[in-house]
């Protein structure tokens, strides 16, 4: 199995690359090996390697963005997918009998992963496509000289050059649907006549290997040899659907825990069938779920502190209702008879549970019912759907449904929230809208119409008139108009009403939202500021401060609502700027210094909610009091204590070290020894969570050297190591219990922060930590994987040679760097930025990781931010505040702030130097960042030769890199004029090729932007009128080729600078080539107020250009004389 996993890891890593060179042959060979392994596997009750391998391949292949390869008939018809489908059937059958035959964890994981892969294959790769990247654009892009990656007769692996360093293959980026295939896969032999001016690659080819021979054999298998099938036909068989129906029926009869994996799997498969239009067979089991007692029960089990529906609630409340609403069934007319009465009967208890009697709870209780209101809106939407037909409305006549709807509309708090909310489809808004629309539908039943006419709804109309959401206004006006009529005649009017509402939403709301979507990010900061002004005032902060101080001195019951409300307010204000909320720091410190902090650890309690019949409690959180002291107060401290770090460390830090001995003595035993091997129940999970909160607080104080010195003298390090060394931590399948994940992650962060001390690092090297990290990095948790890997680098610098999941590691690095560079102390999740970059310097020696980092979307960007960390305040007002705080923060006893910033910059420069070797894309990104170029040029002026070595190397690298722009401009004459690079907007139509017989005095280079061209033509005419022979290349298709011919004559080049010139690929290529050929450069500015900077400033060697804009006639002549003098000086030098 190990060799199979190695092959799998290698294949997946290559598939994840942007330009993957994996062939159908390689995948087929891998599938053959899996099938052969499964066939020859011996059954073992304790371990099932077959399910393990199916779980692994399902997880990885479902998440890969290159699944287009799986459309090949040779793969679609491969036996492995029959194995996968039948395995899912077998696991569904066993789950249906889980009461008598319990399913194991690896069986549940396998079922979950396989269902995910099946959904991906059937939904997104269900039809064979001719182009891997689909029909993206109506514009036909040019044919390039590069090998077509779709041609399986050519082996891309046989090229010596690095695929990353090659030009992008524009041939497959976007062709119209009717475009012919360039070289069809079906052809066995290459027809060279079909490829104009095909390049030869004799110097780049290597001898054919055995792998290539295998590839060619499989590639030559005609697609017609396989039956034309889809994944849906192969996997979603009648047998599987029958098993799925039985499983759904089991969910309607049997009760499972809310987070049982069965709900997640069936939810996914029902969504798959829904999208594949396989709905009629599932109608009966879905109806049974809605009619079951469990449907009513899931509404009752919604707890007040829930942020989202659990899987059980999501399946019954959302998936089942939407399945009925979204589809037209063959037995559509029977649905009202099957569901109406049952749905009407449960409406009253649902409404009474979610909207309790006024006065039973205070106002804050209602504010926590957002998810419950969303659930109510789903139920009301189903009622709306059932009331669309006359047969369905008759069931409502004999009920008291109108009274229930009136209770909703007369709930003052609900109406107030809905009227003031303008967020589309918000829960408050949805409840009111669906209530009004239900009344509109019922009004078309004469008996209900007469009842509604008698109701006094004027007060509701008056309140809803001022609603910010237009859907409420539409529904309210519609109901008002309907009830103002004398009688109702049209029985099917609700269908027309539904269509009208849908058209209104699409035209007036959804389209307007889409139009403003692009402006959301830009306006976010303005909106945030507006929100702050609404509630974050002195009165609010003073009241909150007094409430926090009260909690620091007065004891209340653990689940007192006061803790929850104040904790929520603290969590909100902690996200604001420190200058606005620093008045709360003292009361927060009082809470953490109080005896209550230690007391909440002495007696761990779980949250208590209102008792509900039929509720199943699972994974309950800590009590509100515990969360306030353990989580909310420390999180506020992490963000806002940077101005008083030393003071806080001297007082609170020392107290926390004293508390640690007691807390570890109370709770550490549940993670180690025999007790650690026992099953984790709710109270144990809560104790582990509490322990992780305290360790996180220790990690925060471990950032300060004085605290680290004290920790070394205590047994804390040995105690943390005992957690990680315990044999029960990782099970036989290499997994950690979910309850232990957070404490393990925080323990690794604490050890990492302590390891910056040489004494601690030396001690850790003598322990078994290296082997522990080697195992922990395999755990599927982002933080554990990340911390294990960088801890290994600290323990052994050579560990960079063995990196697990380099792509995931690079993503996490980018996230941590990006978040910490914008923070007030360059710290994210307890990790300092300069320490992080120091480790990345070592890891960047691994070519695979460096390649992944260079390919990351924000990889180069975050590194340039680190180089420009001192200049952030010049570009962004918010970052300027951050930088000012950094400068003010002199309390750190670790290092002087200036030295820390210099470390960040130095490490970032070294890393960028290493990344600059990974393709022209990296070079292009660096050159286009003017702030980065200016900073690199500034570093060149340093007095120390050691300090300037790497910046010089980067400048050399950028200046000597043969750019893509230049290569694209050397296209063959037969290349089409639609080439986006050679038909640059800077091209002119007339011909003016270099004439060897004319002794030109100067070459002129300019952009074809109309404003630039007007002034450039004026300069050209005045120079020629004074006797200068000026060469201006105006040939369109081969401008750069002919300009290079002119430049090689070593003539001065007059560059007309503007923003259009800077962004033009052709213009910049001309200038760079002239500089490399040592041609004299004369720079003039032809765009008003244009300021040169960055790479352009470096190219012209810092010369002050002559500004020829906004000048009167005499002033223009004077400046032109300066241009003439520079031309003469250049001629003398030549």
Condition check: within 21 Å of residue 594 (Cβ to Cβ), in the same structural domain as residue 746 (by TED's automatic domain parsing) and out of contact with any helix residue (DSSP H, G or I) (no Cβ under 6 Å at 6 or more places or on another chain). Does residue 682 satisfy that? no
Buried (at least 21 other Cβ atoms within 10 Å of the Cβ), assigned by TED's automatic domain parsing to the domain that holds residue 645 and closer than 21 Å to residue 711 by Cβ - does that describe any residue in region 802-823? no
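Please verify whether residue 87 is assigned to a loop (DSSP other than H, G, I, E, B) and crowded, with 16+ Cβ neighbours inside 10 Å, treating the condition exactly as stated. Don't jump to the end; show me each part of the working.
Working: assigned to a loop (DSSP other than H, G, I, E, B): no; crowded, with 16+ Cβ neighbours inside 10 Å: yes.
Taking the combined requirement at face value, the residue does not satisfy it.
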Hey, among the residues in region 787-822 that are within 20 Å of the chain's Cα centre (by Cα) and in a loop (DSSP other than H, G, I, E, B), which one's nearest to residue 762 (Cα to Cα)? 805
Selection from region 1030-1074 of residues modelled with pLDDT of 75 or more, within 24 Å of residue 1120 (Cβ to Cβ) and in a helix (DSSP H, G or I) yields 1059, 1060, 1061, 1062, 1067, 1070, 1071, 1074
Given the conditions (1) modelled with pLDDT of 50 or more; (2) not in a loop (DSSP other than H, G, I, E, B), report the number of the one that residue 998 does not fulfil. (2)
Quick check: anything in region 601-612 surrounded by fewer than 17 Cβ atoms within 10 Å (Cβ to Cβ), in contact with a helix residue (DSSP H, G or I) (Cβ under 6 Å, 6 or more places away or on another chain), part of a loop (DSSP other than H, G, I, E, B) and modelled with pLDDT under 85? yes
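Which residue out of 1016, 1026 is farther than 25 Å from residue 929 by Cα, touching a helix residue (DSSP H, G or I) at 6+ places or on another chain (Cβ under 9 Å) and modelled with pLDDT of 80 or more? Give the derivation first.
Working: 1016 fails: touching a helix residue (DSSP H, G or I) at 6+ places or on another chain (Cβ under 9 Å).
Result: 1026 is the single residue among 1016, 1026 that is farther than 25 Å from residue 929 by Cα, touching a helix residue (DSSP H, G or I) at 6+ places or on another chain (Cβ under 9 Å) and modelled with pLDDT of 80 or more.
May I ask you to say which residue of 92, 51, 131 is modelled with pLDDT of 85 or more and buried (at least 17 other Cβ atoms within 10 Å of the Cβ)?
Within the list 92, 51, 131, the selection yields 92.
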Given the conditions (1) outside any helix (DSSP H, G or I); (2) surrounded by fewer than 18 Cβ atoms within 10 Å (Cβ to Cβ); (3) within 34 Å of the chain's Cα centre (by Cα), which single one is not true for residue 325? (1)
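Of everything in region 850-904, what is at pLDDT 50 or above and touching a strand residue (DSSP E or B) at 6+ places or on another chain (Cβ under 9 Å)? Give them in sequence order.
Passing the criteria: only 900.
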For residues in region 214-255 being loosely packed, with under 11 Cβ neighbours inside 10 Å and in a helix (DSSP H, G or I), which is modelled with the lowest pLDDT? 217
Subset of region 1077-1108 (residues that are crowded, with 17+ Cβ neighbours inside 10 Å and closer than 20 Å to residue 957 by Cβ): 1094, 1095, 1096, 1097, 1098, 1099, 1100
Looking across region 2-46 at residues that are over 30 Å from residue 853 (Cβ atoms) and exposed (fewer than 13 other Cβ atoms within 10 Å of the Cβ), the single one that is modelled with the highest pLDDT is 36
Can we say residue 910 is modelled with pLDDT of 60 or more and assigned to a helix (DSSP H, G or I)? yes
Taking the conditions exactly as written (at pLDDT 90 or above and assigned by TED's automatic domain parsing to the domain that holds residue 438), does residue 269 satisfy them or not? no
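The values are calculated or read from the model by the stated rules, or taken from the named source; none is laboratory data. This structure is a prediction, so every number in the text was calculated from the model and none was measured. We place every Cβ from the backbone using ideal geometry, glycine too, and count neighbours over all the protein chains shown.
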